[in-house]
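Participant: This is the structure I want to talk about, given as structure tokens.
Every number in this text was worked out from the coordinates using simple rules, so none of it is lab data. Because the structure is a prediction, the values reported are computed rather than measured. Cβ placement follows ideal geometry from the backbone for every residue including glycine, while neighbour counts extend to all protein chains displayed.
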Amino acid sequence: MTTLFAGLGLGFSLIVAIGAQNLFVLRQGIRREQVALVAAICTISDMTLIVIGISGIGAATQALPWLEAVVRWAGAAFLVGYGVLAARRALRLAEVGLQVDTDSEPEPTPGAGSVATQQRTRTSAAAVALTTLALTWLNPHVYLDTVFLLGSVGAAHGQARWVFAAGAMIASTTWFFGLAYGARFLSRWLASPRAWRWLDAGIAVVMIVLGVSLVWPTG
């Protein structure tokens, strides 16, 4: 259970950082446009990257046993550094506003004219899918965070690394579907700089604790 929660905590900490992908998911949720498709693509993509990271780093550490210690310390250093950066953001006095495109489609009213207007303004499923895939797979940070970082931290858990991966996958599924379907509520909450400072503070705590736990002697 400890390993599962470690994967869950790190998964959430990495995935909630605002970026192009999350803003697109939020925007689609606000517009109520292809919401399930966007959430599913993001979730499946994240799961695929997690599997690649866990299996790839795990295979490398089995072939080169000395690499496990290197990966463990590198992962710890990255986690602590990431946590320090999040803490610095949380402590900033200057408020940084989060701008989200909240332009939503007008609610349809009875009549053929309103339906036709709504259909013209909707984006096709193919276009939405391609945009989602591009924002996910063409983002270099996703390979550093999901493949290398999650993979290295997961590999440090040895035989329990797939339990760790399961926790990270649960975090991805919960976040993307929660963000997509809860967008209209979350957009109001996330628009507050104070909310993001608290979120960054929580991320900092989780990252630093996980980083220290990687190298802290257990016996």
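Participant: Stretched out fully, how many nm does the piece from Val212 to Val70 gain, at 0.36 nm a residue minus the Cα gap?
Facilitator: 49.7 nm
Participant: Provide Tyr181, Tyr82 in ascending order of the number of other Cβ atoms located within 10 Å of each residue's Cβ, fewest first.
Facilitator: Sorted ascending by nearby Cβ count, the order is Tyr181, Tyr82.
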